[in-house]
Amino acid sequence: MSRGTDRARIADQARTLLGRPGDHGVTSEGGVQGERPGRDAVTKPQQGRRRRRDQRGERPMVPRADFTSYYGRPVLNAPVWQSPDIPGYLFLGGLAGASAVLGAGAQLTGRPVLAGAAKTGAAGAIGLSMAALVHDLGRPARILNMLRVVKVTSPMSVGSWLLAGFAPATGVAAGCALTGRLPRLGAAATAATALLGPLVAAYTAALISDTAVPAWHDGYREMPFVFTGSAAMAAGGLGLLTAPVAENTPARSLALLGLAAEAAAFERMRRRMGGLVAEPYHTGRAGGYLRAGQALSVLGAATAILGRRNRAACALSGAALLAASAATRWGIFHAGLASAADPKYTVVPQRDRLSARGGQEGAPAVTGSPP
């Protein structure tokens with residue numbers, strides 16, 4: 001066979017495989033004679049695999065997002081605050097501020113036993129609160145370092161100056177009430193604590209809301225009302241626990257009012273934050289504390305109303321309300337720790353907010369974002 005014949009045979013085979021227009025031949029996969037396959041032409045085995053894939057549904061090209069960071073570390077640095085120091089500091093500070101207001105009111109209305117108990121409770125609570133804060137800081141000198149400057153935009157700076165004025169005033173008011181001496185000085189100190197008390201009860205809410213912790217920061221609108229209501233409930237509980245039945249009517253009223261304010265503000269906070277960010281408040285250790293606080297508050301309110309003329313029932317109600325307020329502070333504290341530890345509580349809301357902004361400018365927004 002000549003060399004020219006071999007070249008012609010090879011060319012015929014190439015044209016048959018390529019299926020060029022005008023050539024004579026059939027494609028190896030049964031294509032139309034003289035037609036060149038397009039870009040989407042596939043072999044039979046590939047078509048079979050595509051049909052099976054279409055039956056199973058569309059295959060995702062991007063893997064499901066896993067909300068972790070480099071080396072498995074959280075997105076945020078977790079708070080270095082420890083329990084029981086900081087939740088105790090939050091609870092006792094609120095108790096002191098609200099008790100100072102209750103003591104001033106009891107003195108004005110002629111209830112000396114309730115006034116003395118409330119003033120003494122305020123002095124003891126603020127002392128223990130500052131002791132817990134110093135223990136968490138490690139050195140007492142750090143409290144004094146906070147008083148070197150005044151910064152009205154810093155909750156820590158404002159709170160330090162509030163405590164610097166409130167703590168000595170409560171000590172003077174309690175000492176004068178217990179000894180009966182220096183009544184004018186005691187009245188002036190009582191008035192000062194009544195003015196500073198609401199600020200002391202509420203500033204710790206601004207303190208924790210001024211962080212990047214999602215469960216704390218996203219509740220900045222309602223958190224002061226939650227803390228103030230919880231403080232009023234605790235102060236009323238202390239009054240019910242220590243005062244006689246004939247004098248405890250203001251304490252009962254304050255406790256019930258504080259319970260209602262705390263419950264309403266907390267529910268509104270959780271609804272506004274949305275299901276994801278508010279999730280730590282009803283799961284894990286925080287959820288356990290908050291459920292216990294709700295049960296104790298219901299017990300305390302029912303006992304205060306039904307057993308208002310029974311000394312033992314009033315004491316039980318006061319103890320339950322005090323425990324309920326403490327459980328609320330512990331629950332809020334641990335909810336913040338949980339939300340800082342899991343990256344999804346930071347990443348997902350940020351993506352939803354960015355998508356919502358894009359939706360307002362014409363880009364599609366991600367559905368299912370928290371309200």
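The values are calculated or read from the model by the stated rules, or taken from the named source; none is laboratory data. Quick caveat: nothing in here was measured; it's all calculated off a predicted structure. Cβ atoms come from the backbone with ideal geometry, glycine included; neighbour counts cover every protein chain shown.
Between ARG73, ARG64, ARG36, ARG59, which is farther than 23 Å from ASN248 by Cβ, at pLDDT below 55 and out of contact with any strand residue (DSSP E or B) (no Cβ under 6 Å at 6 or more places or on another chain)?
Values: ARG73 fails: at pLDDT below 55; ARG64 fails: at pLDDT below 55; ARG59 fails: at pLDDT below 55.
Testing whether each residue is farther than 23 Å from ASN248 by Cβ, at pLDDT below 55 and out of contact with any strand residue (DSSP E or B) (no Cβ under 6 Å at 6 or more places or on another chain) leaves just ARG36.
Any idea which of PRO370, PRO349 is assigned to a helix (DSSP H, G or I), touching a Pro at 6+ places or on another chain (Cβ under 8 Å) and at pLDDT below 80?
On the way: PRO370 fails: assigned to a helix (DSSP H, G or I).
Only one candidate qualifies: PRO349.
Would you point out the residue of region 101-150, among those that are basic (Lys, Arg) and within 21 Å of ILE86 (Cβ to Cβ), that is surrounded by the fewest Cβ atoms within 10 Å (Cβ to Cβ)?
Initially, region 101-150 is screened for residues basic (Lys, Arg), giving 111, 119, 139, 142, 148.
Pick out the ones that are also within 21 Å of ILE86 (Cβ to Cβ) and you get 139, 142.
Values: ARG139: 10, ARG142: 12.
Here the residue is ARG139.
Would you call LEU290 at pLDDT 95 or above, more than 15 Å from PRO250 (Cα to Cα), out of contact with any Leu (no Cβ under 8 Å at 6 or more places or on another chain) and in a helix (DSSP H, G or I)?
Details: at pLDDT 95 or above: yes; more than 15 Å from PRO250 (Cα to Cα): yes; out of contact with any Leu (no Cβ under 8 Å at 6 or more places or on another chain): yes; in a helix (DSSP H, G or I): yes.
Spelling it out, LEU290 is indeed at pLDDT 95 or above, more than 15 Å from PRO250 (Cα to Cα), out of contact with any Leu (no Cβ under 8 Å at 6 or more places or on another chain) and in a helix (DSSP H, G or I).
Among the residues that make up region 272-292, is at least one of them in contact with a Ser or Thr (Cβ under 8 Å, 6 or more places away or on another chain) and under 20 Å from ALA118 (Cβ atoms)?
Scanning region 272-292 turns up no residue that is in contact with a Ser or Thr (Cβ under 8 Å, 6 or more places away or on another chain) and under 20 Å from ALA118 (Cβ atoms).
Exactly one condition in (1) at pLDDT 90 or above; (2) closer than 30 Å to ARG351 by Cα is false for ALA100; which is it?
Checking ALA100 against (1) at pLDDT 90 or above; (2) closer than 30 Å to ARG351 by Cα, the one that fails is (2).
Identify, please: which residue in region 297-333 is over 15 Å from ALA235 (Cα atoms) and of a type in the set (A, V, I, L, M) and is, among those, farthest from the chain's Cα centre (by Cα)?
Here is the first cut: in region 297-333, the ones over 15 Å from ALA235 (Cα atoms) are 298-299, 302-303, 305-313, 330-333.
Filter once more, keeping what is of a type in the set (A, V, I, L, M): 298-299, 302, 305-306, 312-313, 332.
Values: VAL298: 23, LEU299: 25, ALA302: 28, ILE305: 32, LEU306: 34, ALA312: 36, ALA313: 34, ILE332: 6 Å.
Among residues in region 297-333 that are over 15 Å from ALA235 (Cα atoms) and of a type in the set (A, V, I, L, M), the one farthest from the chain's Cα centre (by Cα) is ALA312.
Which one of the conditions (1) under 23 Å from ASP210 (Cα atoms); (2) touching a residue at least 40 places away in the same chain (Cβ under 8 Å); (3) not aliphatic (A, V, I, L, M) does TRP161 fail to meet, given that it meets all the rest?
That leaves (2) as the condition not met.
If you take the residues in region 257-315 that are among the charged types (D, E, K, R) and surrounded by 21 or more Cβ atoms within 10 Å (Cβ to Cβ), which one is nearest to ALA215 (Cα to Cα)?
The residue in question is GLU279.
Before we move on, is GLY219 closer than 25 Å to ARG311 by Cβ and of a type outside the set (A, V, I, L, M)?
Numbers: closer than 25 Å to ARG311 by Cβ: no; of a type outside the set (A, V, I, L, M): yes.
No: the conditions fail for GLY219.
Restricting attention to region 221-248, report how many residues are more than 26 Å from TYR345 (Cβ to Cβ), touching a residue at least 24 places away in the same chain (Cβ under 8 Å) and surrounded by fewer than 21 Cβ atoms within 10 Å (Cβ to Cβ). Can you show your working first?
As a first pass, look at region 221-248 and keep what is more than 26 Å from TYR345 (Cβ to Cβ): 231-248.
The next check asks that each one be touching a residue at least 24 places away in the same chain (Cβ under 8 Å); those that pass are 231-245, 247-248.
If we keep only those that are surrounded by fewer than 21 Cβ atoms within 10 Å (Cβ to Cβ) as well, we get 241-242, 244-245, 247.
Final tally of qualifying residues: 5.
In region 107-146, which residues are assigned to a loop (DSSP other than H, G, I, E, B) and within 30 Å of ALA251 (Cα to Cα)?
First, the residues of region 107-146 that are assigned to a loop (DSSP other than H, G, I, E, B): 109-111, 138-140.
Scanning region 107-146 gives THR109, GLY110, ARG111.
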